Amino acid sequence: PFSSWIVSQVAQGATGKGGDIQITTPNLTIQDGGAIETMSLGNGNAGELNIEANSLLLNGYSPLSSQPSLKQQNLNSRIASTNTSKGSGGNINVSSREITFRDGGQIATSVAPQATGNGGNVTVNATNSVTAIDLNPLNDSLNGGILSWGMGFGKGGNLALSTSRLTLQDGGSIESQV
């Protein structure tokens, strides 16, 4: 019942910087709630997340969650960086020819409630296209697309997108929210 997960995490109370994640592949598919993620639950900063892929698909979600908050129930397929304490989130850099988000798939940074560290920045370069279609039907507060959420005391991260063609449809979005 668990989704696949690649993670670099700073544990609660830890002060060191989290490790970076670097992925280079012709095609990358993350689906059914799978995630590639850096996190800081402590005082150290989360690592950077760098992905280079010719084609990138973030598709769907896992319907299983026991967490109480709507935003914390984020079991969407995602590339993400989150911080929950004093450490800052890591920056996310994605380069691809085409990126497709379906049914809530995301590239996102978030600053959790009570966090004082700042969120990481998101930079997306897609030479051909970015398409975001539909949101997670089990939790319509979790849009699909490129997102930065600031729910704590730290600043939310900046978003930068470069592409030849952008399509947002049926809940797909690019948003920075505090």
Response to the item:
Considering segment 103-115, residues that are open to solvent by 10 Å² or more (accessible area, probe 1.4 Å) and within 14 Å of the chain's Cα centre (by Cα), and then whichever is farthest from Met151 (Cα to Cα), we arrive at Ser110
Worksheet, complete the sentence: With the first residue restricted to segment 10-29 and required to be open to solvent by less than 40 Å² (accessible area, probe 1.4 Å), and the second required to be basic (Lys, Arg) and in a strand (DSSP E or B), Cβ contacts under 6 Å at 6 or more apart or on different chains are none
Worksheet item: If you take the residues of segment 51-77 that are modelled with pLDDT of 95 or more and open to solvent by less than 40 Å² (accessible area, probe 1.4 Å), which of them is nearest to Ser3 (Cα to Cα)?
Response: Leu58
Response to the item:
Checked Ser173, Ser162 against criteria (in contact (Cβ under 8 Å) with a residue 40 or more places away in the chain and surrounded by fewer than 19 Cβ atoms within 10 Å (Cβ to Cβ)); the one match is Ser173
Practice prompt. Considering only segment 99-169, give the strands (runs of 3 or more DSSP E) lying wholly within it that have at least 3 residues that are closer than 29 Å to Lys17 by Cα and of a type in the set (S, T, N, Q).
Written response: 106-111
Worksheet entry | Top-ranked residue of segment 30-56 - restricted to ones that are in a loop (DSSP other than H, G, I, E, B) and acidic (Asp, Glu), ranked as farthest from Asn83 (Cα to Cα) | Asp32
Practice prompt. Consider Gly90 carefully, then state whether it is in contact with an Asp or Glu (Cβ under 8 Å, 6 or more places away or on another chain), outside any strand (DSSP E or B), modelled with pLDDT of 85 or more and more than 15 Å from Glu175 (Cα to Cα).
Written response: yes
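The values are calculated or read from the model by the stated rules, or taken from the named source; none is laboratory data. Note that this is a predicted model, so its numbers are computed, not measured. Cβ: placed from backbone, ideal geometry, glycine included. Neighbour counts: every protein chain shown. Keep in mind that these areas ignore ligands, DNA and RNA; they rest on the heavy atoms of the full protein, side chains included. Shrake-Rupley method; radii C 1.70, N 1.55, O 1.52, S 1.80 Å.
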